[in-house]
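Student: Dropping a structure here in C-alpha cells format, bear with me for questions.
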Amino acid sequence: VQRRTVQPLLDRLCTDGHARAAVRLWRRSEKEGASFFARDYAAMLEASCRSGDLALVLPLLRRLRDGAEERLACEDLDRVERGLAAARLPSGSKAFEVQRVTIASDDLGCAHCGTPLSLLTLNADQRALVRTRLRQRAAVVDRSGFLVDFLQRFADWLLTSPSNFDCVIDGPNVGYEDQNYEGGTFNYYQVEDLRQELQLAGMQPLIVMPSKYMPSKFEGAKIPNHTRRQRYRHTELSVADLLIIEHWRQLGVVYEAEVSGKDDWLWMYASLLGEGRRVVTNDEMRDHWLHLLEWHLFRRWKESQIIHFDFKRFEDPDTWQIELTYPKPWTRATQTSADGTWHIACADDDSWVCARPLVDLPVEAGAETRWLAQDEQSEAIAEETQTTSSA
C-alpha cells in the first residue's frame with residue numbers, strides 16, 4: 001500500500017473530524033507498508049483536537065516526536081497550532097495554553113514559558129538495536145566472521161582501557177582533510193593538532209587509525225597515498241611523522257584497525273557503546289546508516305554526537321587554525337519537558353509552537369492509543385535485541 005493511495009481518504013476523514021477513523025486507516029495502511037509524513041501527523045492532530053477526541057492528542061504528539069521522518073513545514077505547524085488552540089474539554093475549558101514563539105540557534109530555551117530545550121539523543125534501546133544491526137551487517141559483509149569478532153574485540157578493549165575516552169577521532173578523515181592537491185598526502189600533524197585541541201577542550205579523545213598508516217618498522221616506512229590528485233601511490237614517512245606515531249602509542253591514545261577499509265565501523269560502534277561517545281569526522285556516513293537506522297533517528301544521532309572540524313589555512317599551507325563545530329545544546333525537533341510542556345519545531349525557520357497542557361488530558365487503553373504510543377514498536381526493538389544477544 002502506498003501513501004498516495006490512502007492519503008486523500010485520510011485527509012477527508014481529518015477534514016470531516018473523524019479522527020479515530022483516520023487513526024484506524026493509518027494503522028492498517030502502515031501494516032501494509034505505507035509510510036506517512038509529518039503533514040499527516042499535523043492533519044490528525046488538528047482533527048483530534050477539533051473533534052474533542054483528546055485521548056489521541058498526547059499519543060499523536062509522542063508519535064510526531066519519535067516517529068516522523070521529517071519536521072513540520074510552516075503551514076503544517078500552523079495546523080498544529082490551530083488544533084491545539086481549539087482543543088476543549090467537555091466542560092468547554094481550554095486544554096492547552098498555546099503560543100507561537102521564536103527560538104533562535106543561540107537561545108537556550110523558550111522565552112515564553114522559560115523551559116530549556118533538550119538535546120535529543122538515541123536512547124539505550126535504540127543504541128542496542130543499531131549495535132545489533134551493525135553486527136548483523138558485518139556478518140553479511142564478511143562471512144568469515146572476522147569483522148564481527150573485530151568489533152567485539154574493540155568493544156572489549158574500550159571497556160578495559162584505563163582511559164575514559166569520551167570521543168573518537170576518525171583518523172583517515174582528519175589526516176586527508178584539504179590534501180586533494182598535487183603533492184598532498186596523509187598529514188599526521190593535522191591529526192595530532194586536532195587531538196590536542198580536543199584535550200584542551202576537556203575531552204579524552206581516542207584516534208582510530210588503520211594499521212596501514214601505523215608502520216611497525218620505521219626504517220624506510222611508507223604509507224598509501226589516497227589523495228585524489230596523487231602522483232605517487234605511496235609516501236615515505238619523515239622522522240617527524242614517525243615520532244608522532246610513536247608518541248600516540250606511548251600515550252595509548254590510538255587504536256590500530258587491522259581490517260583494511262573498515263576503520264569507520266569502529267567509530268560507529270564506539271558511538272553506540274555505553275551512553276554514546278562523540279565522533280570527530282566530516283564523513284556524513286549516509287550509505288552506512290541507511291542499512292542501520294531510520295532517517296529521523298540517524299539525524300538525531302548525527303546532531304547529538306558528531307563534531308565537525310575545519311582547518312583554516314593561512315598563506316603558509318602548513319599553518320592553520322582548527323575550528324570545531326560541536327553539537328548544539330538542543331535539538332531543533334519536537335520535544336516535551338518534564339512538566340509536560342510541548343515545543344514543536346518548524347523546519348523552515350526559527351518559529352516553534354509552545355503548548356502547555358492546562359489539565360491532565362484523558363488517557364485510555366484502546367487499540368488506537370496503544371498503537372499511537374508505539375508499544376508494538378518498543379516490543380519489537382526489545383525482541384530483536386534480545387534475540388541477537390541470545391544468539
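Student: Can you tally the net charge around Trp330? Count Lys and Arg as +1, Asp and Glu as -1, for every other residue whose Cβ sits under 13 Å from the Cβ of Trp330.
Tutor: Spelling it out: positives minus negatives among the neighbours equals -1.
Student: Put +1 on the Cβ of every Lys and Arg and -1 on every Asp and Glu Cβ in region 86-218; which of Asn164, Gly175, Asn187 then has its Cα farthest towards the positive end of the dipole?
Tutor: Projecting each Cα onto the dipole axis, the largest value belongs to Asn164.
Student: Additional query: Take the chain, connect every pair of alpha-carbon atoms lying under 10 Å apart with a spring to form a Gaussian network, then pick out the residue of Ser144, Ser29, Ser118 with the largest mean-square fluctuation.
Tutor: Highest fluctuation among the options: Ser144.
Student: How big is the gap, in Å, between the Cα center of region 107-137 and the Cα center of region 47-80?
Tutor: A separation of 20 Å, based on Cα centres.
Student: Just to confirm the filter: which trypsin sites (Lys or Arg not before Pro) across region 119-199 are DSSP coil and have at most 12 other Cβ within 10 angstrom of their Cβ?
Tutor: Here the sparse-neighbourhood loop sites are Arg143.
Student: How large is the accessible surface per residue of the chain, computed with a 1.4 Å probe and reported in Å² as a whole number? Please report the intermediate quantities before stating the final value.
Tutor: Values: 19330 Å² over 391 residues.
Computed with neighbouring chains in place, this is 49 Å² per residue.
Student: Please report the antiparallel percentage of the DSSP beta bridges confined to the chain, to the nearest 5.
Tutor: Expressed as a percentage, antiparallel bridges in the chain total about 65.
Student: Divide by every residue of the chain the summed helix terms, -39500 (n - 2.57) for each DSSP H run of at least 4, and state the resulting mean residue ellipticity at 222 nm, rounded to the nearest 500 deg cm²/dmol.
Tutor: -13500 deg cm²/dmol
Student: What's the carbon and sulfur percent of region 82-202's accessible surface, probe 1.4 angstrom, rounded to a whole number?
Tutor: 49
Student: Right, next: FRET efficiency for Leu159 and Leu89, Cβ-Cβ distance as r, R0 = 51 Å, nearest 0.05?
Tutor: Once the sixth-power term is evaluated, E becomes 0.45.
The values are calculated or read from the model by the stated rules, or taken from the named source; none is laboratory data. Given the structure is predicted, the values throughout are model-derived calculations rather than measurements. Don't worry about glycine lacking a Cβ; one is built from the backbone with ideal geometry, like all the others, and counts go over all protein chains shown. Only protein heavy atoms, including side chains, enter the accessible area calculation; ligands, DNA and RNA are left aside. Shrake-Rupley method; radii C 1.70, N 1.55, O 1.52, S 1.80 Å.
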